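Single-structure report; data block below.
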Amino acid sequence: MTVPTTDTPYVQVENLVARYGTRTILDGVSMSARRGEITVILGGSGCGKSTLLRHIVGLLTPAAGRVLINGRDIHRVSEDEREAILRNLGMSFQAGALFNSMTLEENIALPIIEHAKADDATAKTLARMKLSLVGLGHAGHLLPAEISGGMKKRAAVARALALDPELLLFDELSAGLDPVTARELDELILRLKMQLGVVILIVTHELSSIQMIADQAVMLHAGKVIASGPLAEVRALDHPQVRAFFDRQPRPVTMQQGLLHTLMVNGES
């Protein structure tokens with residue numbers, strides 16, 4: 001089954017500049033994502049991937065540039081409009097961010113009660129449906145401490161789905177998982193794309209996941225977009241940073257770095 005896509009991007013980032021104090025993290029970043037596609041944001045550690053994601057969901061305000069969700073600039077609308085826009089997206093953070101004192105069912109029901117104003121019984125019914133969608137229909141009564149890392153990631157996906165969003169965002173969803181569990185999560189994300197036809201944005205550096213799920217890729221380096229487009233086209237680019245990422249070429253160690261490593265190994269400082 002092929003999920004229909006649209007020509008009009010649901011997410012548009014235009015010339016985004018992000019700074020922490022005097023340090024520029026993103027420098028004129030532009031990208032887009034469409035319905036029915038999985039767009040992965042790639043790059044090495046510290047290149048600005050998670051910062052970009054946090055601007056898209058409105059957690060950070062741009063120093064310059066725009067973030068448009070479904071055609072509306074989320075930083076230039078009224079508070080009521082912004083809340084309505086953000087209610088239509090779901091995000092899973094790297095650590096899952098589940099409430100440890102609540103069962104999985106209660107974790108998923110919470111945003112339904114708070115934002116959809118549903119009563120407890122309705123919210124719990126909907127929560128069980130979301131848990132079933134991610135293969136956890138049997139585990140709603142369990143606490144986060146009672147389940148595996150992979151199950152926690154699935155529960156976080158279920159919570160991201162709680163309000164039936166049109167945009168799903170995942171920050172390093174498979175980080176820290178064994179290869180089998182990571183692949184199961186990849187298969188889950190593909191099923192969600194096929195079943196729901198939503199926009200999916202994923203920050204990841206896992207090559208196996210990228211190859212399995214990505215339709216489009218956006219690659220960052222030093223706060224700039226150095227490649228974007230269909231995954232096959234990005235992979236084929238003869239750009240040193242692109243090649244280093246996909247071919248897993250380590251950065252050369254300088255003489256100073258080598259000396260520092262030697263001193264640390266020998267217990268000197």
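The values are calculated or read from the model by the stated rules, or taken from the named source; none is laboratory data. As the structure is a computational prediction, the values presented were derived from the model and not from experiment. Note that we place each Cβ from the backbone using ideal geometry, even for glycine, and neighbour counts take in every protein chain shown.
Odds and ends about this structure:
- Total residues in region 32-50, condition surrounded by fewer than 21 Cβ atoms within 10 Å (Cβ to Cβ) and not basic (Lys, Arg): 6
- Residues that are assigned to a helix (DSSP H, G or I) and among the charged types (D, E, K, R), drawn from region 108-121: Glu114, Asp120
- The set of residues in region 137-147 being part of a loop (DSSP other than H, G, I, E, B) and in contact (Cβ under 8 Å) with a residue 12 or more places away in the chain consists of Ala139, Gly140, His141, Leu142, Leu143, Ile147.
- On inspection, Ala18 qualifies as more than 23 Å from Leu196 (Cβ to Cβ), modelled with pLDDT of 95 or more and either touching a helix residue (DSSP H, G or I) at 6+ places or on another chain (Cβ under 6 Å) or not assigned by TED's automatic domain parsing to the domain that holds Gly197 (or both).
- Filter result for Gly150 (more than 17 Å from Thr103 (Cβ to Cβ) and either at pLDDT below 95 or surrounded by 20 or more Cβ atoms within 10 Å (Cβ to Cβ) (or both)): yes
- Members of region 58-107 found to be in a helix (DSSP H, G or I) and closer than 25 Å to Leu196 by Cβ, listed by number: Glu81, Arg82, Glu83, Ala84, Ile85, Leu86, Arg87, Leu104, Glu105, Glu106, Asn107
- Evaluating Lys152 against the criteria (1) outside the structural domain of Ala175 (by TED's automatic domain parsing); (2) of a type in the set (D, E, K, R); (3) over 19 Å from the mean Cα position of the chain (by Cα) leaves one unmet condition, (3).
- Residues satisfying the stated conditions in region 122-136, i.e. assigned to a loop (DSSP other than H, G, I, E, B) and surrounded by fewer than 19 Cβ atoms within 10 Å (Cβ to Cβ): Gly135
- Residue within region 66-83 that is of a type in the set (Gly, Ala, Ser), assigned by TED's automatic domain parsing to the domain that holds Ala214 and surrounded by 15 or more Cβ atoms within 10 Å (Cβ to Cβ) present: no
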